[in-house]
Amino acid sequence: MCAGAILHSRIKRLVFGASDYKTGAVGSRFHFFDDYKMNHTLEITSGVLAEKCGQKLSNFFKKRREQKKEEKREKNLPLDVEPQS
C-alpha cells in the first residue's frame, strides 16, 4: 500500500490484513499517520485475515523470486541452446 496515496486521496478508513514489518508505513515499520504533523487522520483496522493475507503475499513473492532466477538462468544459457517455453 502507499501511505502517500492514502493521505492525498483523503481515505477515511483503511482496512488491511498483512503488515509489512520491513518497510510498512502503517502500523508496522513506521506509523505514518500517527505523526502529529499530518493534516489528515483516518481510522485504521489491521490484521483482518492476517495469516491468510500474509501467506498469499509470501507465496506471491516466492513465485516472483523463482521467476527472476529462471530468467537469469535463461540469459546465461550458451548460444546453441534454445530456452524452454
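For (1) hydrophobic (A, V, I, L, M, F, W, C); (2) out of contact with any Leu (no Cβ under 9 Å at 6 or more places or on another chain); (3) loosely packed, with under 13 Cβ neighbours inside 10 Å, each residue gets a yes or a no:
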residue	(1), (2), (3)
Ala25	yes, yes, no
Ser46	no, no, no
Leu49	yes, yes, yes
Lys52	no, yes, yes
Lys62	no, yes, yes
Arg65	no, yes, yes
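Scan region 50-69 and tell me whether some residue there is out of contact with any Lys or Arg (no Cβ under 8 Å at 6 or more places or on another chain), assigned to a loop (DSSP other than H, G, I, E, B) and modelled with pLDDT under 95. Walk me through it before giving the result.
Restricting attention to region 50-69, the residues satisfying the condition of being out of contact with any Lys or Arg (no Cβ under 8 Å at 6 or more places or on another chain) are 50-69.
Going one step further and asking which of them are assigned to a loop (DSSP other than H, G, I, E, B), we end up with none.
Among the residues of region 50-69, not one is out of contact with any Lys or Arg (no Cβ under 8 Å at 6 or more places or on another chain), assigned to a loop (DSSP other than H, G, I, E, B) and modelled with pLDDT under 95, which makes the answer no.
Can you tell me which of (1) surrounded by 12 or more Cβ atoms within 10 Å (Cβ to Cβ); (2) of a type outside the set (Val, Ile, Thr); (3) under 16 Å from the mean Cα position of the chain (by Cα) is the one Leu42 doesn't meet?
Of the numbered conditions (1) surrounded by 12 or more Cβ atoms within 10 Å (Cβ to Cβ); (2) of a type outside the set (Val, Ile, Thr); (3) under 16 Å from the mean Cα position of the chain (by Cα), the odd one out for Leu42 is (3).
The values are calculated or read from the model by the stated rules, or taken from the named source; none is laboratory data. Keep in mind that this is a model prediction, so the values were computed, not measured. We place every Cβ from the backbone using ideal geometry, glycine too, and count neighbours over all the protein chains shown.
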